[in-house]
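Comments concern the structure below.
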Amino acid sequence: MSKFFGGARKNNLYRGKARKSQDPDYWRKAATWGILACMALVTMSVIWGLYEIWDGKLKLETEKIATDYYETYFYPKLASSEKGAKDFLEKYTESGLAPVPLRQLLLFDNARHQDSRPLYETEECNTNNSLVLFYPKSPFGKKDYRIDIKLSCENN
């Protein structure tokens, strides 16, 4: 009966072979592979984290420049017009204003943000194809808008 319920199988399975767990090198090899796998995971997560930080830095810089453009350049000119800002901006709450190229943002007001250009050059961003869209919100004041950034970068 013992042959039928595992006795024979136990003897035949390991005949002439040492069990893996009894092999003196088995645990050393398993530990080495485990450590290598952990190192690979840590490396990948660090690389991904640095990418996210760099991508966030580009977007934050673009948002800073776009905010400056809208609040100190675009909105004051619009508010001083005959119709006023509210009448004009009401039409663009859903569709947004015309896209503004990154190149225009870097060059407005006597190229005030030219010191940011190397950041975009490092990532090989196309300043003509990278766009910022402004979506005005009610009550259409100087700070009542939402920004949508679409960067066109080779390394991003």
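Coordinate-derived values only; no laboratory data. All values reported here derive from a predicted model rather than from experimental measurement. Note that we place each Cβ from the backbone using ideal geometry, even for glycine, and neighbour counts take in every protein chain shown.
Classify the stretch 24-150 as rounded, prolate or oblate from the Cα gyration tensor: take a ≥ b ≥ c as the square roots of its eigenvalues, call it rounded if a/c is under 1.5, otherwise prolate when a/b beats b/c and oblate if not.
prolate
Label points 7 Å out from Cα along the Cβ direction at Ser81 and Leu107: separation in nm?
2.2
Please give the contour-minus-distance gain from Ala31 to Arg146: 0.36 nm per residue of separation, less the Cα-Cα distance, rounded to one decimal in nm.
Once the chain is fully extended between Ala31 and Arg146, it gains 36.2 nm.
Going down the table (Lys57/Lys150; Lys83/Lys142; Lys59/Lys86; Lys64/Lys91), which pairs top 19 Å between alpha carbons?
Lys59/Lys86; Lys64/Lys91
Tell me the volume per residue, in Å³, of the convex hull enclosing the alpha carbons of the stretch 77-145.
Considering the Cα atoms of the stretch 77-145, their hull volume per residue is 103 Å³.
If we count every other residue with Cβ under 9 angstrom of Ser116's Cβ, Lys/Arg +1 and Asp/Glu -1, where does the sum land?
Taking every other residue near Ser116 into account, the sum is 0.
Starting from 0.36 nm per residue, how many nanometres of slack lie between Lys137 and Leu119 once their C-alpha separation is accounted for?
3.4 nm
Which aspartates and glutamates does Lys77 reach when only Cα atoms under 19 Å apart count, and residues fewer than 8 places away in its own chain are ignored?
Asp68, Asp87, Glu90, Asp109, Asp144
Loop-only check: which trypsin sites (Lys or Arg not before Pro) in the stretch 37-135 are DSSP coil with at most 13 other Cβ within 10 angstrom?
Loop-located and lightly packed - Lys83.
Going by how many other beta carbons lie within 10 Å of each one, how would you line up Glu123, Glu63, fewest first?
The most exposed by this proxy come first: Glu63, Glu123.
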